[in-house]
Structures are given as structure tokens and as C-alpha cells.
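The values are calculated or read from the model by the stated rules, or taken from the named source; none is laboratory data. Since we're looking at a predicted model, the values are computed, not measured. For neighbour counting, all protein chains shown are included, and Cβ atoms are generated from backbone atoms with ideal geometry for every residue, glycine included. Ligands, DNA and RNA are excluded from the accessible area calculation, which covers all protein heavy atoms including side chains. Shrake-Rupley method; radii C 1.70, N 1.55, O 1.52, S 1.80 Å.
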Amino acid sequence: MIALLSALLLTASVPPKCAFEGEPRRWTQQALQAWDRLDHDRIRMRAPTTPALILFDEVCVYRFTPATAGPFQVGQRTYSVRAESHSGAVDLPGGGQVPARKLSFAAPLDGGGMFFVMSLPAVWRADKAEARDPERLAMVVFMHEFAHTQQGAGLGRRIDDLIRRGLPEDADDDSLQKTWSAVPDYVKAYEHERDLLYASAGAETYEARRVKLDEAAVAMEGRRATYLADKPLWREADDVFLTFEGTGNWAAWAWLTDPAGGAMAREDATVFIRGGRRWWSQDAGLGAMLALDGLMPEWPSLAFGDQGATVQDLIALSRQAKGQAGDQD
């Protein structure tokens, strides 16, 4: 009996053996391939980046370090991989931890570059409160956040510049919403321009799309002039964050509508991504990108490029693109 008890205690104290194989390996390969397909077909980045990855399930964490040669290669990205067990928390680069639960985010590394942290599909499946398809949602979230890892030289740099010029360091894409959501007239103004963006995205002809997007641009400028007239940095930040979150949601939407990905109808994918329409910059941002899709299909290369073209920039450029987009009608 004593020997059996000792064996049980010893077994309980031994951490599980982790190896990067099975579903974690298959899913990670599929996710990176999905991004490469989107980049090849629509974004066409001149210099795609290879971020460090930290992926985890309920037992193990997998750390991916960019390498010139290694055991895991997808497209032009090569990683060395370290698999280890965790005890309910995941260590982050530079210190700090996150709980090993459903989450995802991208962040800069201290020495430059980006890292990306995400829970694997097994964690999403374990969340019984999640009403949407957890497998599909996990890939949607990957595409959104991985988009941010590719924007450091453009939109990421513009955010850093805003902070250097005086925008609070803790400012993010939800800051304006947190400030103005209790002001009914501001909310009404935001909802009006958001609805115009989606009206443009859903219009059947180039002319109708153009009219609605121009109306949305006027409404957007009116809101900023009314409420942010004495806050020039926030006016600029509103445009940058709208683009940052909009491009992330568009990347997720693009995977959902990809026949080799989520294979969803466009309308169903839009409903899926919008969800409860809780976050303004994500919801209106997707509407802006879908509207631009119907007017200037080459916009992704500009938004993901080194200049980090924003929604405001892209709307202005789209007015010069009628011949190319109009031929599609």
C-alpha cells in the first residue's frame, strides 16, 4: 500500500510530457498557411515579418522562435520550437504572465519585432459559454491578431509616433469609445457613419458604393470636428485605430469567405465577425474595409505597407480608382 501511494504521488508530481505534434502542429501549420494565402492573393506585402509565437493549450505551451533553419517551416517562415508544460499560467517575453485561458494578442518585443500569444483550439472548445463555432472562431481570432504582427512598420509606427507626440501611453482602439459612449449624440453620430459604411459595402453598383462611402466620410469628419476639434492627436488616433482594427477584422472576414478556409457566404461572414457589435473601432473598421473592397481592391497593400495608409487616406485614394473598380460592375 505504501509503495502504491508513493507511486501515485510521484506520478502526480511529474509534469506532462509535451511535444509539438498532433493537433497543435496541424492547426498552427493551417493557420500560417491561411495567412500566407491571404497575403499572396490580396495583401502582397513586400517584406512579411516572422513574429515570435507563443501558443498554448490546457497543458502545454509551445514557443516559436524565428530561425534561419529549424524543424518547423511554413512558406518563408522558419521556427525553432520549444514545448513545455505549464501550471495554469504562461510566461511572456520580458517578464509577466497571462492565465492559460481563452485569449490572444500581439505586442512588441523589447529588442524590436513582435510576438503573438494565443490559446489553441482545445482551449476554445473547453469554453462552454462560447455560442459560436469555437474551431472557426479560433482561426478568425488568429487571422485578426496575426494581421497586427505584420503592421509594425506602418500602422504600428504611426501609433508609436502618436504616443511620442503626447497621446497617452495606455491609449488603445477602445479609448474613444470608453470616453464618449455615455454621450448620446456622439453615439448617434458614430452609429450613423458606421451604418453608412456598411450601406456602401452592401450596395450593388459602383456609383451607389461611392455615394454611401462619401457620405460616411463626411459624417466621420463632422463627428471629429464636433467632438474632437480641440484634440488633434485623438482625431488622428481615431483614424489610425479604426484602420488598425478594421484591417484585423477584414483579415478574419477574408478567411471566413475563402473557399479553402471558412467557406462562408459573404453576408454570413459579416454577421459572424460583427458578433454583438460591441466594439466600435472593430465594427466600423470592418465596414470601412468592406466598403473599400468594392471601390479599390488594391487597398490592402497600402494599409499593410510601410506608410500605413489609414481609412481617411484610402477613401481619398479610392476616388481616383473608379476606372479600375467600376469595370467590375
**Report entry** Length-normalised contact order for the chain - Cα pairs under 8 Å, 6+ apart - percent
**Finding:** 17 percent
**Report entry** Rounded if a/c under 1.5, otherwise prolate or oblate - segment 215-314, Cα gyration tensor axes
**Finding:** prolate
**Report entry** Positive dipole terminus of segment 196-329, leading residue within Ala254, Val240, Pro297 (C-beta point charges)
**Finding:** Val240
Report summary line: Rounded to whole Å², per residue accessible area for the chain with a 1.4 Å probe reads 49 Å²
Report summary line: Quick shape check on segment 182-230: root eigenvalues a ≥ b ≥ c of the Cα gyration tensor, a/c under 1.5 is rounded, otherwise prolate if a/b tops b/c, else oblate, and it reads oblate
Report task. Could you please tell me the mean projected area of the C-alpha convex hull for the chain, averaged over all directions and given in square nanometres to one decimal? Result -> 19.9 nm²
Report task. Report, to the nearest whole %, how much of the accessible area of segment 193-316 belongs to carbon and sulfur atoms, 1.4 Å probe, protein only. Result -> 54 percent
Report task. Compute the FRET efficiency between Glu58 and Asp133 as 1/(1 + (r/R0)^6), taking r as their Cβ-Cβ distance and R0 = 25 Å, and round to the nearest 0.05. Result -> 0.85
Query raised in the report: Where both partners of a DSSP beta bridge lie in the chain, what percent of those bridges are antiparallel, to the nearest 5?
Result: 80 percent
Query - Nearest 10 degrees, 0 to 90: helix 23-38 Cα axis against the chain principal axis - result: 20 degrees
Report summary line: Given the candidates Gly287, Pro71, Gly156, the one whose Cα lies deepest towards the positive end of the charge dipole of the chain, counting +1 at each Lys or Arg C-beta and -1 at each Asp or Glu C-beta, is Pro71
Report summary line: For segment 51-125, averaging the sequence separation of alpha carbon pairs under 8 Å that lie six or more residues apart and dividing by its residue count, the contact order in percent is 32 percent
**Report entry** Separation in nanometres of the label points that stand 7 Å from Cα toward Cβ, at Glu204 and Asp160
**Finding:** 4.8 nm
Requested in this report: Obtain the radius of gyration and the Kirkwood radius of segment 13-75 from its C-alpha atoms and give Rg over Rh.
Outcome: 1.04
Query raised in the report: Setting aside same-chain residues fewer than 8 positions from Lys102, which lysines have a Cα under 27 Å from its Cα?
Result: Lys17, Lys128, Lys178
Query raised in the report: List the aspartates and glutamates whose alpha-carbon lies under 16 Å from that of Lys212, not counting same-chain residues fewer than 8 positions away?
Result: Glu191, Glu193, Asp195, Glu204, Glu221, Asp293
Query raised in the report: For segment 81-129, what is the relative contact order in percent, using Cα pairs closer than 8 Å and at least 6 residues apart in sequence?
Result: 25 percent
**Report entry** Paramagnetic reach from Asp306 (point 7 Å along Cα→Cβ, amide N under 11 Å) across segment 41-55
**Finding:** 46-47
Query - Largest-first ellipsoid semi-axes for segment 134-271, taking √(5λ) over the Cα gyration tensor eigenvalues, angstrom - result: 27, 22, 13
Query raised in the report: Label Gln320 and Asp230 with points 7 Å out from Cα along Cα→Cβ: what is the distance between them in nm?
Result: 3.7 nm
